[in-house]
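Only one structure is covered here, and it is reproduced in the block below.
Bear in mind these aren't lab numbers, they're just calculated from the coordinates by the rules spelled out. Because the structure is a prediction, the values reported are computed rather than measured. Virtual Cβ from ideal backbone geometry, glycine too; neighbours counted across all protein chains shown.
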Amino acid sequence: MTITEAIVLAVVEGITEFLPVSSTGHMIIASSLMGIADDPFTKSFTVAIQLGAILSVVILYWKRFFKTFGFYWKLLVAFIPAVIAGLLFGDKIDALLENVTVVAISLVAGGIILLFIDRLFSDDKATDATEPTYKSSFIIGLFQCLAMVPGVSRSAATIIGGLTQKLTRKAAAEFSFFLAVPTMLAATVYKLYQFYGDGYSFGSHEWTPLILGNVVAFIIAIFAMRSFVQFLTRNGFRLFGWYRIIIGSAILLMLALGVDLQIV
């Protein structure tokens, strides 16, 4: 992997990780177009740079992370369903991760749903709560489990979960960011553990793109989150819905044309 390729993937990660567009789908397209999708380092790189994205949430919302212990308990309650689902259905999830068609279909289906979300859940019907209750946190956690299907988008699933609990778009998006920290951290550590368990380790020449990738993902993710909250509050989900449909259709078209797309 070149420095340029590392920066491109880090930019893609930083932009898409917290938006309801599926970072998995974008990583597939970006790495495949650059011809590095089947490189073992690419697979570990795309996992490792999530640490930069995770750190961006903590830095951007650091005051919220030092608020009350109740905040952490709500994150734990919301995190538990994903842990249980991962333990019960881990093998089936891994099998789905190898299917690019599933990713593409999920992108299109999720996009169609986002086209109608604004009609179903408007801020006029929401409460003024800035955080969910414990019960609502658990329900949002159940929605997060849907994101184990590649292409569904963890961000979209958890934000919609928050909207069903009468949170505003802003509050739902921010809780989605917070929930990403334990969820992504656990998934990243586990996947890296698997990579090392398979006998792979980072070489001396790979640390430079890895460090640079985390820095770039960190910076881009901060701007992406700020812009997303502002855009979502004013305009809703419709644009993201159309965007997902276009990206998913593009993947299906490339598959139909025989382009070799591989999961990273």
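Some observations on this one:
- Gain on full stretching of the segment that runs from Thr4 to Lys170 - 0.36 nm per residue minus C-alpha separation: 56.3 nm
- Placing R0 at 25 angstrom, the Cβ-Cβ distance between Lys63 and Val83 gives a FRET efficiency of 0.40 after rounding to 0.05.
- Kyte-Doolittle at least 1.6, axis length at least 24 Å by Cα - qualifying DSSP helices, the chain: 100-120
- Cα convex hull of the stretch 23-89 - mean projected area over all directions, nm²: 6.3 nm²
- Förster radius 25 Å - calculated FRET efficiency between Ala256 and Phe223 (Cβ-Cβ, nearest 0.05): 0.10
- The stretch 59-75 versus the stretch 220-236: alpha-carbon centroid distance in Å: 20 Å
- Working from Cα pairs under 8 Å separated by at least six residues, relative contact order for the chain is 40 percent.
- Here each label is just a point 7 Å from Cα along the line to Cβ, and for Thr127 and Thr208 those points are 5.4 nm apart.
- Distance (nanometres) between label positions extended 7 Å along Cα→Cβ at Lys191 and Tyr243: 2.0 nm
- Under 19 Å from the Cα of Lys170 - lysines, other chains or at least 8 residues apart: Lys63, Lys67, Lys74, Lys125
- Eigenvalues of the alpha-carbon gyration tensor of the stretch 3-256, scaled by 5 and square-rooted, set the equivalent ellipsoid semi-axes at 28, 21, 18 angstrom, largest first.
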